[in-house]
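What follows is a short report on a single structure.
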Protein chains: 2
Amino acid sequence: MRSIKYYKKLREKKYILEEGKYIVEGEHLVEEAYKAGVLEEVLCTDENNIYDVPSNILSMQDLKSISLLKSVPDIMGVVRYKDSNNICGKRIVILDNVQDPGNVGTIVRSALAFNVDTVVLSEDSVSLYNDKMIRASEGTIFHMNVVRMNLSEAVKLIQEKGIKVYYADMDGNLILDECDFKEYAIVLGSEGQGISDYVKSVSDDSISIPISSNCESLNVSVTGGIIMYKFR
Amino acid sequence: MRSIKYYKKLREKKYILEEGKYIVEGEHLVEEAYKAGVLEEVLCTDENNIYDVPSNILSMQDLKSISLLKSVPDIMGVVRYKDSNNICGKRIVILDNVQDPGNVGTIVRSALAFNVDTVVLSEDSVSLYNDKMIRASEGTIFHMNVVRMNLSEAVKLIQEKGIKVYYADMDGNLILDECDFKEYAIVLGSEGQGISDYVKSVSDDSISIPISSNCESLNVSVTGGIIMYKFR
């Protein structure tokens, strides 16, 4: 039986990468991790573990010491850290230095909803075990092929597959309403900095969503959601 | 000249409502408040106040004591609390007990972008001076007609104007792709609880966004963004 100390360490980057595991909190995320086949162990307060993985019965006090949340759930899961280096499929979303974990999680959730095959995160984007990102994804992150990769390499690989790479931009060249792509890679940039110059220079074209002149821009997860909906 | 104590009080609900003013932080929000005509006073560290409203020069120490942010900006604004009780226009978004300030702010931002005339918040939704909500709105909240109202009253007023009320629901009756409304009121529910039974019972119809069967639902601000984009 692992010690509480072990689980507490699994909240730190160094140990997560060393052990290849991290902790998720609450029934919904444990359920989604199980369905995706990445749940390794359940931590809970009673014997009612409904998943066929080992369980460790802990007090609420112990769970509280492991939790990052204000409202501590009575179930947590130890999840296998999974990352992929295979950009598969023909519908791809690329996040160029998107730091906000809520936005990244929300984009992954929309990606699963709209049949995106791969989400590529630039190396400076939020990490794959970020707690807020996982919660914002509502556990869809466990089901999505997420690749963390240098974007110059990613764009090259995608274009070699014959898939065009577009970036979303308020001043983009193509109007979304007039586009109807069944195969695409769309780059979404960080809210502060937009798309990096390098990505702009290698992309095939850019796409804009027409908005009212009295509004500067949309939230990046809304931009992504609208484009994925249009091309689903 | 007001005291620091006065500005600190303007971070509390009681004083905000008594004084009819609240504080916003950072250049962008001060700028947007000014453009919307609700900026009353600037708090900053130097004499370079570019707005024609009174300014109060404070030390970073003082600004820090007023700030709710980790990274304290060198400019803040005192903004007039504005609420409306007039549901105007023919494109209306109604938020039914949406509590998450990030989602509410993001929805207001999309509403301004897609020519929505009024956003109605149910009385149990997040407050209009919520700091996180205002930041997520990127200041668009100052430009939007936002009405805080009991939803039974709001739905009645809207239907009396001849505008149909729809609610967004994963199992909704109408498929978004097949709808093309230029006048509408769309109700978005809280992520946990969805739409309240009362609103369902009085709405004219419901709308769903088709998504993959391996995803349960979309984030509410993404749902709202897609619908507003479609009907803009």
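Taken over the stretch B:118-155, the residue count meeting the criterion of being without any contact (Cβ under 8 Å) to a residue 40 or more places away in the chain and part of a helix (DSSP H, G or I) is 5. Out of A:G224, A:G162, one residue alone is in the same structural domain as A:D117 (by TED's automatic domain parsing) and either touching a helix residue (DSSP H, G or I) at 6+ places or on another chain (Cβ under 7 Å) or acidic (D, E) (or both). It is A:G224.
A quick yes/no check of all residues on (1) of a type outside the set (A, V, I, L, M); (2) in the same structural domain as A:I163 (by TED's automatic domain parsing); (3) modelled with pLDDT of 95 or more:
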site: A:L17; (1), (2), (3): no, no, no
site: A:N48; (1), (2), (3): yes, no, no
site: A:Y51; (1), (2), (3): yes, no, no
site: A:D96; (1), (2), (3): yes, yes, yes
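Being among the charged types (D, E, K, R) and touching a residue at least 60 places away in the same chain (Cβ under 8 Å) is the filter here, so list the residues in the stretch A:218-232 that pass it. Of everything in the stretch A:218-232, just one residue is among the charged types (D, E, K, R) and touching a residue at least 60 places away in the same chain (Cβ under 8 Å), namely A:R232. Out of the residues in the stretch A:203-217 meeting the condition of being touching a residue at least 40 places away in the same chain (Cβ under 8 Å) and out of contact with any Phe, Trp or Tyr (no Cβ under 8 Å at 6 or more places or on another chain), tell me which one is nearest to A:A185 (Cα to Cα). Taking the candidates together, the pick is A:S208. Quick one: would you say B:I92 is over 30 Å from B:M228 (Cα atoms) and either surrounded by 15 or more Cβ atoms within 10 Å (Cβ to Cβ) or not assigned by TED's automatic domain parsing to the domain that holds B:S190 (or both)? Spelling it out, it is not the case that B:I92 is over 30 Å from B:M228 (Cα atoms) and either surrounded by 15 or more Cβ atoms within 10 Å (Cβ to Cβ) or not assigned by TED's automatic domain parsing to the domain that holds B:S190 (or both).
With respect to the conditions (1) open to solvent by 50 Å² or more (accessible area, probe 1.4 Å); (2) farther than 15 Å from B:D131 by Cβ; (3) in contact with a Ser or Thr (Cβ under 9 Å, 6 or more places away or on another chain), B:L58 falls short on a single one, namely (1). In the set A:G102, A:G139, A:G77, only one residue is within 14 Å of another protein chain (Cβ to nearest Cβ) and more than 22 Å from A:G192 (Cα to Cα); that residue is A:G139.
Residues that are within 14 Å of another protein chain (Cβ to nearest Cβ) and either under 30 Å from A:S3 (Cβ atoms) or not small (G, A, S) (or both) occur in the stretch A:86-95; there is at least one. Taking the stretch B:66-75 as the search range and keeping residues that are touching a helix residue (DSSP H, G or I) at 6+ places or on another chain (Cβ under 8 Å) and of a type in the set (A, V, I, L, M, F, W, C), which one is least open to solvent (accessible area, probe 1.4 Å)? Only one residue tops the list, namely B:I66. Among the residues of the stretch A:207-219, is there at least one that is out of contact with any Ser or Thr (no Cβ under 8 Å at 6 or more places or on another chain), of a type in the set (D, E), surrounded by fewer than 22 Cβ atoms within 10 Å (Cβ to Cβ) and assigned by TED's automatic domain parsing to the domain that holds A:N115? There is at least one residue in the stretch A:207-219 that is out of contact with any Ser or Thr (no Cβ under 8 Å at 6 or more places or on another chain), of a type in the set (D, E), surrounded by fewer than 22 Cβ atoms within 10 Å (Cβ to Cβ) and assigned by TED's automatic domain parsing to the domain that holds A:N115. Taking A:N145 as the residue in question, decide whether it is within 14 Å of chain B (Cβ to nearest Cβ) and either open to solvent by less than 30 Å² (accessible area, probe 1.4 Å) or of a type outside the set (D, E, K, R) (or both). Spelling it out, A:N145 is indeed within 14 Å of chain B (Cβ to nearest Cβ) and either open to solvent by less than 30 Å² (accessible area, probe 1.4 Å) or of a type outside the set (D, E, K, R) (or both). Checked across the stretch B:76-87, the condition of being farther than 19 Å from B:Y22 by Cα and open to solvent by less than 30 Å² (accessible area, probe 1.4 Å) holds for at least one residue.
Among the residues that make up the stretch A:186-201, is at least one of them polar (S, T, N, Q), at pLDDT 95 or above and more than 20 Å from the chain's Cα centre (by Cα)? Yes: one or more hits. Checked against (1) open to solvent by less than 40 Å² (accessible area, probe 1.4 Å); (2) modelled with pLDDT of 95 or more, A:D204 passes all but a single condition, namely (1).
Taking the conditions exactly as written (open to solvent by less than 10 Å² (accessible area, probe 1.4 Å), β-branched (V, I, T) and more than 17 Å from B:F142 (Cβ to Cβ)), does B:I107 satisfy them or not? Answer is no for this residue.
The values are calculated or read from the model by the stated rules, or taken from the named source; none is laboratory data. None of the values given here were measured: they were computed from a predicted structure. Note that we place each Cβ from the backbone using ideal geometry, even for glycine, and neighbour counts take in every protein chain shown. Surface areas here come from the heavy atoms of the whole protein model, side chains and all, with no ligands, DNA or RNA. Shrake-Rupley method; radii C 1.70, N 1.55, O 1.52, S 1.80 Å.
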